[in-house]
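Reading through the structure tokens given below for one structure.
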Amino acid sequence: METLRTTRISKLRGMLRAFFHFFGGHKDTSDSIHTVLKSNPLSVVSIASEEVGSMPASSSSRYQPRLLKDMDQEVMRAVLDAACEIPAFPAVISELVACLHSPNVSEARVSELVQLDPSLSTSVLRVANSALYATDQTVVSVKTGVMLIGFDLLQSIAMRGAVSGMIQMDRVKASKQDPDALWAHSIAASMYARELAQRLPRMESSEAVTAGLLHDIGKIVMCMCYPDKVADLINPQTSLLGESLLAKEERLFGACHTVFGAVLAKNWGLPDSLVCAIELHHHGNCADRLKSYSKHIRDLTIVTCLANQFAKLGGFSGNDNEIDIFSPEVTDRLNLPCDLMEAMKKMPKDMPKRINTVISCL
């Protein structure tokens with residue numbers, strides 16, 4: 001299987017190199033590589049938000065970020081060096097996440113681990129007592145709070161808090177990025193990922209939640225290591241005509257945030273399925289590329305791709321309003337229409353409200 005996968009990826013390399021050489025880091029508006037929302041300041045190609053997804057995938061191509069394997073040694077070394085600057089998760093959080101992913105998870109042990117982290121305990125109780133659950137009595141026990149909010153949401157809260165603690169806010173502020181907006185997007189994506197995972201009978205919701213939460217972690221790496229370049233990235237005056245945000249990332253950094261995130265996930269010792277989902281979360285239109293991976297990785301990637309776009313369409317863009325176009329083979333896997341606005345209608349109508357409630361408690 002690995003030999004077959006390597007062979008297929010090797011064949012794709014030549015095609016992708018030709019693709020990027022031809023487009024040279026920008027796109028022709030007559031053949032849109034990326035469809036964007038009207039509010040996106042980085043591109044002159046735009047459509048109204050209610051039209052997103054109405055363009056059939058067959059009539060438009062889309063910018064596909066290069067994978068780490070396709071990059072030269074200098075870029076690869078820079079990405080690895082940047083990822084190494086981000087510390088590992090605190091021991092308690094690492095053990096908690098491992099416990100939540102265990103098939104023999106113990107509620108008692110989970111509660112014990114949560115109580116070892118005062119900040120996490122406070123967040124759990126705050127969410128448990130929010131309007132999201134509307135209990136008759138105030139929840140004062142961490143164990144009760146954990147049981148009420150569930151393991152998936154607990155994991156999102158724990159990982160969000162852990163990663164936030166690693167961030168050097170002075171560097172993030174220098175990058176002109178809004179960390180709160182980035183995390184709101186990540187929380188939203190994790191909650192949409194949980195909903196989407198339920199459409200696949202063998203998909204573990206906890207893994208989907210993790211992928212949704214960490215899919216954009218590469219943006220944090222960029223902010224921490226290259227704050228000045230990130231400031232240029234989000235400045236529309238430094239964009240080429242019609243240049244998508246993904247293309248601009250590769251022009252400025254040599255690699256897209258997907259690659260930075262995948263390398264960091266690998267450094268943290270996360271499973272290969274999560275590493276791949278992070279690296280491939282902008283490849284929803286490339287069904288052939290996804291076929292070179294195992295069914296499990298393919299499914300997790302599809303869930304992550306869609307959760308990312310649903311979070312944006314739900315109003316949690318994280319300062320990135322570019323909307324990906326999906327191939328029918330990808331959305332069919334979840335029994336969803338290729339039109340993303342139609343696909344969004346399959347999600348619970350109160351999702352934005354639920355997400356806002358959770359975000360307000362963190």
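The values are calculated or read from the model by the stated rules, or taken from the named source; none is laboratory data. From a predicted model like this one, the values you see are computed outputs, not experimental measurements. Every residue, glycine among them, receives a Cβ derived from its backbone with ideal geometry; neighbour counts consider all protein chains shown.
Points to keep in mind about this one:
- Residue match in region 33-55 (condition: of a type outside the set (A, V, I, L, M, F, W, C), at pLDDT 50 or above, in a helix (DSSP H, G or I) and closer than 30 Å to Gly315 by Cα): no
- The set of residues from region 166-189 being out of contact with any Gly (no Cβ under 9 Å at 6 or more places or on another chain) and among the hydroxyl-bearing types (Ser, Thr, Tyr) comprises just one member, Ser175.
- Checking Ala193, Ala188, Ala158 one by one, the residue that is buried (at least 18 other Cβ atoms within 10 Å of the Cβ), more than 26 Å from Lys349 (Cβ to Cβ) and either among the basic types (Lys, Arg) or modelled with pLDDT of 85 or more (or both) is Ala158 and no other.
- If the condition is being among the β-branched types (Val, Ile, Thr) and either in contact with a His (Cβ under 8 Å, 6 or more places away or on another chain) or within 15 Å of Ala208 (Cα to Cα) (or both), then region 92-112 contributes only Val97.
- Single unsatisfied condition, Leu264 versus (1) modelled with pLDDT of 90 or more; (2) in a loop (DSSP other than H, G, I, E, B); (3) surrounded by 24 or more Cβ atoms within 10 Å (Cβ to Cβ): (2)
- Restricting the first member to region 205-219 and to residues that are more than 14 Å from Val259 (Cα to Cα) and crowded, with 24+ Cβ neighbours inside 10 Å, and the second to residues that are aliphatic (A, V, I, L, M) and at pLDDT below 90, the beta-carbon pairs closer than 8 Å and six or more apart or on different chains are Thr210/Val97; Thr210/Met159; Thr210/Leu270; Leu213/Met159.
- Among all residues of region 329-336, there is none that is in contact with a Ser or Thr (Cβ under 8 Å, 6 or more places away or on another chain) and either touching a residue at least 60 places away in the same chain (Cβ under 8 Å) or not in a loop (DSSP other than H, G, I, E, B) (or both).
- Condition check for Ser130: surrounded by fewer than 18 Cβ atoms within 10 Å (Cβ to Cβ) and polar (S, T, N, Q): yes
- Verdict on Ala162 being part of a helix (DSSP H, G or I), over 23 Å from Pro352 (Cβ atoms) and among the small types (Gly, Ala, Ser): yes
- So Leu233, is it crowded, with 23+ Cβ neighbours inside 10 Å, under 30 Å from His296 (Cβ atoms) and either touching a strand residue (DSSP E or B) at 6+ places or on another chain (Cβ under 7 Å) or not β-branched (Val, Ile, Thr) (or both): no
- Selection count, region 225-240, where residues are of a type outside the set (A, V, I, L, M), in a loop (DSSP other than H, G, I, E, B) and more than 16 Å from Asn319 (Cα to Cα): 1
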